[in-house]
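Only one structure is covered here, and it is reproduced in the block below.
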Amino acid sequence: MAPNFITEIIERDLQSGKYPQVVTRFPPEPSGYAHLGHIFASFLDFQTAAQYGGRYHLRMDDTNPELATQEYADAIADDLRWLGWDWGEHLYYASDHFEQYYAYAEQLVGQGDAYVDSVTGDEMARLRGDARTPGTPSPYRSRTPEENLDLLRRMRAGEFADGAHVLRAKIDLGSPNMKLRDPVLYRILRGHHYRAGDAWCIYPMYDFQHPLQDALEGVTHSMCSLEFVDNRAIYDWLMERLGFSPRPHQYEFGRRGLEYTITSKRKLRKLVEAGAVHGWDDPRMPTLRAQRRLGVTPEAVRAFAAQIGVSRTNRTVDLSVYENAVRSDLNHRAPRVMAVLDPLPVTLENLDGPQTLSLPYWPFDVVRDSPDGLVALPTGERVAPEVAVRDVPLTRELVIERDDFNPEPPKGFKRLTPGGTVRLRGAGIIRADRFDVDDSGQVTRVYATLLGEDARAGGVIHWVSAEQGVPAEFRLYDRLFRVPNPEAATPEDAQAEPIAPDFDPEEIGHEDETKPLDAGFMAFLNPDSLRVTRGLVEPSVTRDPAGTRYQFERQGYFWRDPVDSREDALVFGRIITLKDAWAKATQKAEAPAKAPKPAKVQSQKTEPTEKAAPAALTPEQEAEVTRLTALGVPDAEARTLARDAALLAFLGGAAQDGTFAQVASWTANDLAPGLRAGEVRVQAADLAPLAALLSDKKVTTRVARDVLTRAAQTGEAPAAMVERENLAGGLSDEALSAAIAQVMADHTDKVDAYRAGKTALLGFFTGQVMRATGGKADPATLNTSLQAALNG
RNA sequence: AGGGAUAUGGUGUAAUGGCAGCACAACAGAUUUUGGAUCUGUUUGUCUAGGUUCGAAUCCUAGUAUCCCUGCCA
């Protein structure tokens, strides 16, 4: 896992000793199958823990009795194990801890932090208010802890009907964060739970259960997707009220979608139910089970997950990133053999008896690049390249790919043409002498002559003995959808704009089952997502292990379908095609008009020609601007200050002398966010001496700013800090020269690059010298001296 | 509308005030008994406008765009 904002946090926490080791968890709801969208979240959770020598847990978030099933739980665990994860004994079911959650609920009630509400759901929604209006208390909000405890116990005991009461946290009905308006903690629900049975008739909500379970398991870093940022406030509230220490913290990451792929559980189900695919493990599906059956390896999936980075933005990843991961994994794993998917008979008229050729499994470059000099047999055994061979029968009657013979070849065609030559892979060069056609004009047979090795040919094609080749069915999969964004609202959007992935990468079952399903995506199905052909494969494969993945030369990577292939009726599925430069070239020639993706940001960029007008100021603010500019404050800063009461209040304490403009500048540019948050501890009056030091050139801008930042945190007077740390006074010329010389000596390569013309490096050197001198170097003199030194 | 989050080439991601880098894609060439692989090279980028600074992708202000929140789902 490449460094990202989460690993950064973890490293800091480990460094500071906040936690002895990192503990993470992947918490799927077992209400569906894991798919490619989920591997990202699981990879992030598991890999970061593994990377930092920590522990990772698999946790079934199965608190909703209506959705979770053991079958899904087992399937998810199975798929994740296949991916290579091993959580040891750390498999948890949230439902195993209902008793503990309940105990904490009683504690909250006892503390007065939770109450039993008895209004209807509709009423509760009404009372919650909306973004504009704060919520109003339910009439039951003021029940006493004793009353609430009694009610809660009776809820548990089953004295009330479903929905009659809920337990709510007593937080803040006026909060602009809707999640904090007294979230529901428990609901009454008589559903049979697949694990807990009928032991409970009240079930905890996510916002209560999830933080608790994190804490109970000793999780340190609890990662979830971006839509839970608002929920973090509840998380932190609970941890604080219940006094967990050390406690877990929640961090949110952006989701990752994949082009040409849908990941909504309901839509996937629709595909299955409509017969568009043959089941949840149809190799065209994005589920992990389907990708397993397709023949993708766990290593490839993990490589893919590692490649798409982590950030705090939802993104859609280019399909080619996945395809590339699959291909490059298979390139070094799959021995090469030959199969003809769409056979055209060829008679080698000058070949008398059958021959047996010994052909290598691997091309020269795989052999050459092998780290240990060995290569694999289909069994997996690694042997010397000379013995990594198989017998291939060459007979008078062959088949070649129908595509590889063309009576009317297009320009650039490098295969067989009437009278032309081509090399049969491993067998020699042939010339096509004549061919038969049927009534419809289709070529039915080519008659060819095997030439000597002195013949020349422009291309190489694959072939199989018609007499000894083994019949097989080939399933050629292609992407399920024709458009990059099948879940988009309109055809135009579907063609171009990547949209945010419509799934929850972590909570597998998260989906509103009550909303109508937009089935528009069905119109984007690719009618050619599965093509079935019958052909011949070379006989060597019948001796190989069933799980062998091959490259059928020039065709792609294949393996036996693990469900349908039988020894006497082989079925090979195509895992992925090879890259096909020829197909791309011909396609381009045929359809040159196909426009590239419209650039998405371009439209935004050109739009604001009007020049967005900054929000107008009130007359009072305008007056403030006039007053500030009169004191020497530049207009832009004056406007910033004028519109913010917190900044003005701070500035009110500033000395109105020659230092005022500088103090105002700091206020607007450096202190503003801190002032609004009420975190600035320094007084404006204390800034004047620092400004004076700066204008007298006793300190550099950089030192001044550094001091200011620290003073804002500590509250110490900046001038006192300058005094104490001896920051005033410039740098002697000797010291500056020495620093420059030292930096140049430390970075001779950069010096060379600079002298070779890379003048952008000047900033680099400036930065290095600044760092070396603690910011005390005067920028102007530094720059002239530095340039002189570099050019000299 | 109120609150929150985000914005770097075609795509994804680095750069934590100082060299805009990497991967995929694309294009060109070399090489090749796979129109594969490999190697070399090239093109393309900091949302907009102001400001602070010797220096801004990074800090400040405003704007724009996208997403999330107002379930007794997770």
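Rounded to a whole number, what % of the accessible area of chain A do carbon and sulfur atoms account for, probe 1.4 Å? Can you show the working numbers first?
Working: 18740 of 37350 Å².
C and S atoms contribute 50 percent here.
Listed peptides A:521-527, A:407-413, A:298-304 appear in the order A:298-304, A:521-527, A:407-413 once ranked by packing, highest mean of other Cβ atoms within 10 Å at the front. Length, then width, then depth: along the principal axes, the Cα atoms of chain A run 107, 91, 53 Å. Work through the residues other than A:Arg676 whose Cβ is under 14 Å from its Cβ and net out their charges, Lys, Arg +1 and Asp, Glu -1. Summing Lys/Arg as +1 and Asp/Glu as -1 gives -2. Counting Lys and Arg as +1 and Asp and Glu as -1, what is the net charge of the other residues whose Cβ lies under 14 Å from the Cβ of A:Arg143? Around A:Arg143, the surrounding residues sum to -1. Output the 0 to 90 degree angle, nearest 10, between the alpha-carbon long axis of helix A:319-331 and the longest principal axis computed from the alpha carbons of chain A. In chain A, helix A:319-331 runs at an angle near 50 degrees to the longest axis. The residues of chain A present an accessible area of 47 Å² per residue when probed at 1.4 Å with all protein chains retained.
Classify region A:733-791 as rounded, prolate or oblate from the Cα gyration tensor: take a ≥ b ≥ c as the square roots of its eigenvalues, call it rounded if a/c is under 1.5, otherwise prolate when a/b beats b/c and oblate if not. In terms of gyration-tensor shape, prolate.
Other residues lying with their Cβ under 14 Å from the Cβ of A:Asp454 contribute a combined charge of +2, Lys and Arg counting +1, Asp and Glu -1. In terms of the mean number of neighbouring beta-carbon atoms within 10 Å, the peptides A:221-232, A:102-113, A:748-759 order highest first as A:221-232, A:102-113, A:748-759. A simple packing score, the average count of other Cβ atoms within 10 Å per residue, orders the peptides A:422-432, A:534-544 as A:422-432, A:534-544, with the highest score first. Only Lys, Arg, Asp and Glu carry charge here, each on its Cβ (+1 for the first two, -1 for the last two); on that basis region A:619-721 has a dipole of about 300 debye about its Cα centre. For chain A, the dipole from Cβ point charges (+1 on Lys and Arg, -1 on Asp and Glu) about the Cα centre works out to 1280 debye, to the nearest 20. Projecting the Cα atoms of A:Thr626, A:His165, A:Gln551 onto the charge dipole of chain A, computed from C-beta unit charges around the Cα centre, puts A:Thr626 farthest toward the positive end. In this structure, the amide hydrogen of A:Val571, modeled 1.01 Å from its nitrogen in the peptide plane, lies closer than 5 angstrom to those of A:Glu473, A:Asp561, A:Ser565, A:Arg566, counting only residues at least 5 positions away or on a different chain. Relative contact order of chain A: 10 percent, from C-alpha pairs under 8 Å at least 6 residues apart in sequence. Taken over region A:1-124, the percentage of Cα pairs per 5 Å bin, counting from 0 up to the bin with the maximum distance, is 2, 9, 15, 16, 15, 14, 13, 9, 5, 2. Spatial offset of region A:333-349 relative to region A:668-729 amounts to 78 Å, using the alpha carbon center of each.
With the contact rule set at Cα under 8 Å and sequence spacing of 6 or more, what percent relative contact order holds for region A:424-468? List each step's numbers first, then the result.
Details: 52 pairs, mean separation 19.0, N = 45.
Once divided by the residue count of region A:424-468, the mean separation gives 42 percent.
With Cα atoms as the point set, the radius of gyration and Dmax of region A:619-721 evaluate to 12.8, 40 Å. Assuming charge only on the beta carbon of Lys and Arg (+1) and of Asp and Glu (-1), the dipole of region A:518-573 about its Cα centre is about 140 debye to the nearest 20.
The values are calculated or read from the model by the stated rules, or taken from the named source; none is laboratory data. Since the structure is predicted, the reported quantities are computational estimates derived from the model, not experimental observations. As a convention, Cβ positions derive from the backbone with ideal geometry for all residues, glycine included, and neighbour counts pool all protein chains shown. All accessible areas refer to the heavy atoms of the entire protein, side chains included, with ligands and DNA or RNA removed. Shrake-Rupley method; radii C 1.70, N 1.55, O 1.52, S 1.80 Å.
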